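The values are calculated or read from the model by the stated rules, or taken from the named source; none is laboratory data. Given the structure is predicted, the values throughout are model-derived calculations rather than measurements. Here the Cβ positions follow ideal geometry from the backbone for every residue, glycine too, while neighbour counts run over all protein chains shown. The area values use the complete protein model at the heavy-atom level, side chains included, leaving out ligands, DNA and RNA. Shrake-Rupley method; radii C 1.70, N 1.55, O 1.52, S 1.80 Å.
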Amino acid sequence: MSETEINPTISKSTGLPRKRFYRARAHSNPLSDSHFPVPISPSQVDYSLHYPQLFPSSGQADSSKKIQFADVGCGFGGLLISLSTLFPETLMIGMELRDKVTEYVKERISSLRIANPGHYQNVSVVRTNSMKYIPNYFEKGQLSKMFFLFPDPHFKEKNHRRRVISPFLLDEYAYVLEDGGIIYTITDVEELGDWMKSCLENHPMFEALTEKELEADPVVKLLSSATEEGQKVARNGGQTFQAVFRRIVPTNQAS
Amino acid sequence: MESEPKKETEVAPALIAVHPDQSSVAVAVAVGPHLRVFDLAAGSAASLIDDSDAVPFHKDNIRAVRFAANGKLFVSAGDDKTVKVWSTQSWRCITTVSSEKRVTAVAISNDGTFVCFADKFGLVWVVDLDPPLLDKKPAPLLSHYCSIITSLEFSPDGRFILSADRDFKIRVTNFPNKPLNGAHQIQSFCLGHTEFVSCLAFVKSSQECPQGLLVSGSGDSTVRLWDITSGALLDTCEVAIKAGLLESNGKAEEHGHAVTDLWTVRDGLLVAVAIQSLHGIVLLNCNVSSQTLSVAKVVSVAGEAFVPTCLGSSSSTGNLWMVTGVSSLPGSNNPSLARVRVISGIDGKQESVVLEDESIPGGKKLLETLQGTASVDDNAFLAAAEAVKAAMYNLLIKKQYPSENREYRKKSRNDRKLKS
C-alpha cells in the first residue's frame, strides 16, 4: 500500500485534504509574538516556492510579475480557489495566522494542481500575521485587490485593537494598494460590519464603490458564496454586511 | 527570583541632549527621574520651574529628552506617562501632556509647533503647541501595530515623520498640514535590519539629495544608510565587525554589540556611533555622492570603562557630548550614575581628543551639575555597563521561548487531533 492510500487526511474520492483533520481554533491572538519566518523585505519573498511552475528558479526570475491579490485571513481558502480560475493570469496569495489552517490550504492547492494540470498555478498561501508584516510582503502600490472576509469580530471593546480593519491598519493597506485598488470586506456580524464601514468611510484614502460598480464587479458575488464561512452563513439563513471601497489619492490631505 | 527581571526593566539608561545653537547654551542630562540642565552661557546650573510644583518633575524614569531644532523648546518624557515641554529661555515648563501609556520616544516638528511622542502600544501622538496651553490633549497620529517605537525623527525638510520600532521596521510617513487628523499617507518602509532599530539620524540635505539620507542603528550591530523617498537600502556598515569588536564569522555574545545611539556631525558627513560594548565611539564617513558608509576611526576613552549610552552635539562646535549611566543601580549605594565625557575636534578641524574633566566646557561645575557629583567611582562603571545591557535587553529584545516549550504547549492543547 502506498503512503497516500493509507493517509486518512486525504479524501479517497476527491483527492483533496479533509477538513476535519485540520480543525483549528476559530480565534488566534494577532498581538502575540510570532514564531515563523518573515521575509526581510518584499524583494526577499521567494516566488519560486509559492508558484513553482511560473517561477522555476529561485530568486528574482521574473520581476515584472508580482502578487496582485491578497486574501487576508484566507481561512480554508474557498475564495482563493474561486478567484484562481476567474483571474488565471493574476498571482494571488492567502495570508492566514493559524498554522493548521494554512497547512490545509497548502494541501488543497497542491492537490488541485495535481488533479488539474496547468491550473491553480497562480495561487498560494503563507502563514503570517498580516497585521504586522504586510509591508514585508508587498511593495508600495503592488496590490490591486485585498480581501477581508468574515474576520474575527473581537466583540469586547478591549480587544477592538485586534480587529484586522482598524483606522491605523488602513494606512498600511492604503500603502500596499495601488491607486484605484479595491478593498473587499464582508461579515455576518452587524456590529463589525458597521465598524469596518465607518473605518473605511472616515479614512481619507478610501471611497465607497457605487451600487452600479458593485453590480458590475464579478468578485463581489463571490464574497458571500465562495468562502466556507459565507456558505455557512447562507445555510443558516444569516445576513451579511459588506463594505467595498476603492483606494484613492487623498485630496490636499498631505503636504 | 521572579521579581528580579522586573526590577531590571526599570533601570533606565542616562540620556543627554545638547542645545543645537552654535554657542551650545545648554546641556541636559536625564538619569532616572532626574532632569539636570547646565546653562553654558551663564556657567551655572539652570533651575527648572514647573508650576505644577512636583519634585522631581518626572515621577518615574525619563526615557526621552530632546531640544527643538530651533533651540526654543526642550521636551522630556518617560515612564511617568507625562510629556513636559520646557521653554529654553526661562526653563519654565510650558505644557504638560498626559499620555495613556508610558512614553518611549519624542520628536519636535522643525518649526516647533508640534510635539510628537510614541507610547508603549506603538501609537504616536501629536500635540499642537499653538496656542500654548498648560494642559494639552494629544491626538493620535499613526501607529505601528503592536511594536514599541524606539525612535521618532522629522526629516530635515519637515515633510516626513520617521518612526523606528523594536521589530525591525522604519516607517516614513508624510507629515500632513493638519496632523491632528492623523498621518495616513505612508511614503515608504525602510526594511533591511534584522533586529530592533534603536536610533535614527539624518545626513542633512544637499544638492544631490534634498530629502537628506537616513542613517539607522540596530541590534543587528549594523548602521544602515537609506533613501527615505523609496525606502531603498543604500549601504550597510557592519560597525561592530569593522571596529574589531566582533569576529565576522562567530557570534561571541548575542546582542552584545547592539548600536545604542547615533549622532551626525558636520551635516552628517561624519556619523558617531555608540556600541554596547565599546569604550568610546566609532566614527563613520558618509559619502553622499557614492551613498556609502565607511569606518573613519575608533575614538577610545582611556582610563575608564566608559560605554556611552547616549550622544549629542550642537551644530558646529566640534564637541561631541557623551553620557553613560543608569538610574537605580542595583547593589550600589549610589542611587544613580551619570558620567559625562566630551570629544573635541569631532568636526575634523583638529585631531579628535577625549577631553579631561578640567578642560570640558563648563568645567567641574558642569560635571557636578550633570553627574550629580564631580568624580565617579571606577567600580560603578562596570556595574552600570552591565545594568544598561540588561535594561536594553529587557526593553528591546522579545522573549524567546524554545521550540520544545511551544511544542509541549501545543501537545496539551485539546483541539489538536490526529496528525501524522
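Quick notes
- Residues whose placed amide H lies under 5 Å from that of A:Gly141, excluding near-sequence neighbours: A:Val176, A:Leu177
- Bridge type composition, the range A:97-255 - antiparallel percent by DSSP, nearest 5: 60 percent
- DSSP-defined antiparallel bridges as percent of all bridges, the protein assembly as shown, nearest 5: 85 percent
- For B:His34, distant residues with modelled amide H under 5 Å away: B:Ile62
- Between B:Asp130 and B:Ala374, the simple spin-label model (points 7 angstrom out along Cα→Cβ) gives 4.7 nm.
- Converting phi to 3J(HN,Hα) with the Karplus coefficients 6.51, -1.76 and 1.60 and the offset θ = phi - 60°, the range A:21-37 yields 8, 10, 5, 9, 5, 6, 10, 9, 7, x, 7, 6, 5, 9, 10, 9, x Hz in sequence order, with x at every glycine or proline.
- Assigned charges on the beta-carbon of Lys, Arg, Asp, Glu; chain B dipole about Cα centre (debye): 1440 debye
- Highest-MSF residue in chain B out of B:Pro402, B:Pro179, B:Pro140 [GNM, Cα springs under 10 Å]: B:Pro402
- Heavy-atom surface analysis with a 1.4 Å probe gives chain B a carbon and sulfur content of 49 percent of its accessible area.
- Per residue, the range A:46-247 exposes an accessible area of 42 Å² to a 1.4 Å probe, with every protein chain left in place.
- Of the residues A:Ile114, B:His193, B:Asn405, the one whose Cα sits farthest toward the positive end of the charge dipole of the protein assembly as shown, with +1 on the Cβ of Lys and Arg and -1 on the Cβ of Asp and Glu, is A:Ile114.
- Among residues other than A:Ile183 with Cβ under 9 Å from its Cβ, the summed charge is +3 (Lys and Arg +1, Asp and Glu -1).
- Above-threshold pairs, the threshold being 20 Å between Cα atoms, out of B:Lys137/B:Lys178; A:Lys65/A:Lys100; B:Lys72/B:Lys101; B:Lys81/B:Lys136; A:Lys66/A:Lys140; B:Lys136/B:Lys178: A:Lys65/A:Lys100; B:Lys72/B:Lys101
- Distance between the range B:154-193 and the range B:336-355 - C-alpha centres, whole angstrom: 32 Å
- Residues along the range B:167-207 losing 40 Å² or more of accessible surface when the other protein chains are present rather than the chain by itself (probe 1.4 Å): B:Phe168, B:Lys169, B:Asn177, B:His184, B:Gln185, B:Ile186, B:Phe189, B:Leu191
- Range in chain A, longest, excluding exposed trypsin sites (Lys or Arg not before Pro) [loop by DSSP; at most 15 other beta-carbon atoms within 10 Å]: A:157-255
- Table column - 3J(HN,Hα) (Hz), the range A:217-230, Karplus curve with 6.51, -1.76, 1.60, x for Gly and Pro: 7, x, 6, 4, 5, 6, 3, 8, 9, 7, 7, 4, 5, x
- Per-atom-type breakdown for the range A:46-247 gives carbon and sulfur 49% of the accessible area (1.4 Å probe, protein chains only).
- Accessible area expressed per residue, chain B, with surrounding protein chains retained (probe 1.4 Å, Å²): 42 Å²
- Normalised contact order of the range A:46-247, rounded percent, pairs of Cα under 8 Å and 6 or more residues apart: 21 percent
- GluC sites (Glu not before Pro) restricted to the range A:45-150 and DSSP loop, no more than 13 other C-beta within 10 Å: A:Glu89
- Of the residues B:Gln371, B:Met322, B:Leu142, the one whose Cα sits farthest toward the positive end of the charge dipole of chain B, with +1 on the Cβ of Lys and Arg and -1 on the Cβ of Asp and Glu, is B:Leu142.
- Net charge over other residues, Cβ less than 12 angstrom from the Cβ of B:Leu191 (K, R count +1; D, E count -1): +1
- Summed over both chains, the contact between B and A buries some 3400 Å² of accessible surface at a probe radius of 1.4 Å.
- Around A:Lys106: net Lys/Arg minus Asp/Glu count, Cβ-Cβ under 13 Å: +1
- Our coupling estimate for the range B:382-396, obtained by passing each phi through the Karplus curve with A = 6.51, B = -1.76, C = 1.60 and θ = phi - 60°, is 5, 4, 5, 4, 5, 5, 5, 4, 5, 5, 4, 4, 5, 6, 10 Hz, Gly and Pro reported as x.
- Taking every residue in A:165-173 and counting other chain Cβ atoms within 10 Å of its Cβ, the average works out to 4.
- Charged side chains reduced to their Cβ positions (Lys and Arg at +1, Asp and Glu at -1) give chain A a dipole of some 760 debye around its Cα centre.
- Mean partner shielding of peptide A:8-17, defined as the number of other chain Cβ atoms within 10 Å of each residue Cβ, is 1.
- Candidates B:Ile346, B:Asn177, A:Gln44 compared by Cα position along the dipole of the protein assembly as shown: farthest toward the positive end lies A:Gln44, with charges placed on Cβ.
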